[in-house]
Amino acid sequence: MKFIELQGELRTEVGKSKSKLARANGSIPCTMYGGEKNLNFTVSEIAFTKVFKTPEVYIVHIQLGKNMHKAIVKDIQFHPVTDRAIHVDFYEIAEDKPFSIKMPVKIVGDSEGVKQGGKLQVKMRKLKVKGLLKDIPSELTVDISSLKIGQSIRIPSLSYDNLIIEESKNAVVCSVNLTRSALRDMQGGSVEEKEEGEGEKKEEE
C-alpha cells in the first residue's frame, strides 16, 4: 500500500474550547485508537487535505514526538456549512495484526459485452477487505474480460491472496447491461424501423 507522512502534535488538553482554538490556528483535532492507549493530537489541515481529497487509500505515518505510528483514517467529521474537516479518527495498525479497510476497485480487461454494444456499470467503487498490512495492495483488480451482456460479477467470484472480503455475498460489483443500440443489433434492425415498416404496410392495405 501507498503511504503518506503527517506531522502531529500531541495534545495535553482537550475540550471544545481547545479544539476550536486548534482549528482557528489551521490544525485539525484528531484521536488515534487501536494502540496501547488512545492518543489525542492535531495535524495541519493543509497537510491532511492531501489524504482525504484523493480516490487513493493511504497508510498514514504519523510522527508524534519521537514515535512514528502507522494508521488508517476511520472517520472524518465535517463542518455542516463549510464542509471543512473538524475532527479525524485514526486507527493504529500493527504489522502482525489483520485489520479491515476499504480499498478502491480497478476494472481491467475489455468486456465481450461492451464490445457488442453493452454498457458497463460499476456499482461498487471500493471493497472492504481484511488482512495483514503486507498483503493489502493499493487497489483491488476486477477482470471483466469474459463479462457478456446481461452478466455481472458478484462478491463470491472474487478472490485475493491472503485477504478476506467483508462484503455481502449478494453484492454486485459490476455488470454489463443491454443498451438500445445493442438490442437493435441483436434484432437486426431498430424498433423504429420495424414500426415504420408495419405502418407502411398498413397504408398499402
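Where a number appears in this text, it was derived from the coordinates with a stated rule and is not lab data. On a predicted model such as this, the values are computed, not experimentally measured, just so you know. Cβ sites come from the backbone with ideal geometry, for glycine too, and all protein chains shown count toward neighbours.
Miscellaneous remarks
- Rg(Cα)/(2.2 N^0.38 Å) for region 2-93, N = residue count: 1.01
- Neighbour-count ranking [beta-carbon atoms within 10 angstrom, fewest first] of CYS174, CYS30: CYS174, CYS30
- Charge dipole magnitude, Cβ of K and R +1, D and E -1 - the chain, Cα centre, debye nearest 20: 1320
- A straight line joining the Cα centroids of region 58-95 and region 145-183 runs 32 Å.
- Region 11-18 - phi-based ³J(HN,Hα) in whole Hz, Karplus 6.51/-1.76/1.60, Gly and Pro as x: 9, 8, 10, 10, x, 4, 5, 5
- GNM remark for the chain: springs join alpha carbons under 10 Å apart, and the peak mean-square fluctuation among ARG23, ARG125, ARG180 falls on ARG180.
- The modelled label-to-label distance between ALA47 and LYS148, using points 7 Å beyond Cα along the C-beta direction, is 5.5 nm.
- Between ASP96 and VAL81, the contour length at 0.36 nm per residue exceeds the Cα-Cα span by 1.3 nm.
- Hull volume per residue, based on the alpha-carbon atoms of the chain and their convex hull, is 173 Å³.
- Taking 0.36 nm per residue of separation and subtracting the current Cα-Cα distance, fully stretching the chain between ASP110 and ASN170 would add 19.2 nm.
- With the highest mean first, a sort of the peptides 147-156, 160-169 on other beta-carbon atoms found within 10 angstrom per residue produces 147-156, 160-169.
- Cut-off under 5 Å, modelled amide H: who pairs with ILE107 long-range: VAL142
- Bridgeable lysines around LYS97 (alpha carbons under 16 Å apart, same-chain partners fewer than 8 residues away excluded): LYS70, LYS130, LYS134.
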